[in-house]
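Below: the structure, in structure tokens.
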Amino acid sequence: MRHELIDVLYTYDNAFTSDNEPLGAIKGYEVDITLKIDRPYPPVHRRQAYLASTRARESLEKHIQELIQLGVLRKVGHNEEVEVTTPAIISWYKDKSRMVGDFRALNKYTVPDRYPILRIQEKLTQSFKANYITSRDALKGFQQSFLMPKAKKLFRIITHCCIYEYLRMPFGI
């Protein structure tokens with residue numbers, strides 16, 4: 001059975017990626033966000049960048065360049081209208097960092113998705129008779145979903161130097 005699994009993994013190796021490869025994407029689906037309010041948006045949505053240490057700024061810049069190269073972010077031009085900005089912050093865990101947008105203000109006005117979430121207990125009960133249990137971790141899982149054009153304008157982050165727009169679903173929303 002183990003050899004069969006390895007054969008399947010090699011047959012479909014293009015379904016897997018690593019840090020050095022292009023980011024995968026869900027094709028045929030774009031995420032839309034619906035707000036409980038209409039334009040013009042309240043001033044709470046036009047926020048300034050947070051103060052950051054030199055270490056945090058350097059980390060922000062590194063993450064931004066990586067996300068631009070992966071096609072997750074783009075720099076917003078000076079001539080573009082900007083109604084919504086969210087401060088970008090660095091979340092530290094030991095010596096590693098992750099860039100996230102502080103989307104709390106936007107989350108207050110977002111209409112929640114009412115799609116039912118699968119119950120883990122139900123799935124675990126179904127798996128008791130299984131011979132093998134596997135898991136997978138989607139690399140940058142959130143960011144594998146594209147945003148609809150009108151939703152992108154809601155996902156603009158502001159840093160100490162520029163404003164950037166998410167082209168794919170960010171963490172924190």
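Throughout, read-outs are computed from the coordinates displayed, never taken from laboratory work. These figures come from a predicted structure and were not determined experimentally. Note that we place each Cβ from the backbone using ideal geometry, even for glycine, and neighbour counts take in every protein chain shown.
If we sort 119-125, 62-68, 166-172 on the protection proxy, mean other Cβ atoms within 10 Å, highest first, what's the order?
Working: 119-125: 9.0, 62-68: 16.3, 166-172: 20.6.
Descending packing order for the listed peptides: 166-172, 62-68, 119-125.
Which whole-number percent gives the relative contact order of the stretch 2-166, counting Cα pairs below 8 Å spaced six or more residues apart? Relative contact order for the stretch 2-166 comes out at 37 percent. Helix 2-11 against the longest principal axis of the chain: what's the angle in degrees, Cα atoms only, rounded to the nearest 10? That helix lies at roughly 40 degrees to the long axis.
For the chain, taking the reciprocal of the average inverse distance between every pair of different Cα atoms yields a Kirkwood hydrodynamic radius of 18.6 Å. Exposure proxy ranking for PHE155, PHE146, based on other Cβ atoms within 10 angstrom of each Cβ and starting from the fewest, stands as PHE146, PHE155.
In the structure shown, the pairs LYS62/LYS123; LYS96/LYS150; LYS27/LYS153; LYS75/LYS108; LYS27/LYS96; LYS94/LYS152 are assessed against 28 Å; a Cα-Cα span above that value is assigned to LYS62/LYS123; LYS96/LYS150; LYS27/LYS96; LYS94/LYS152.
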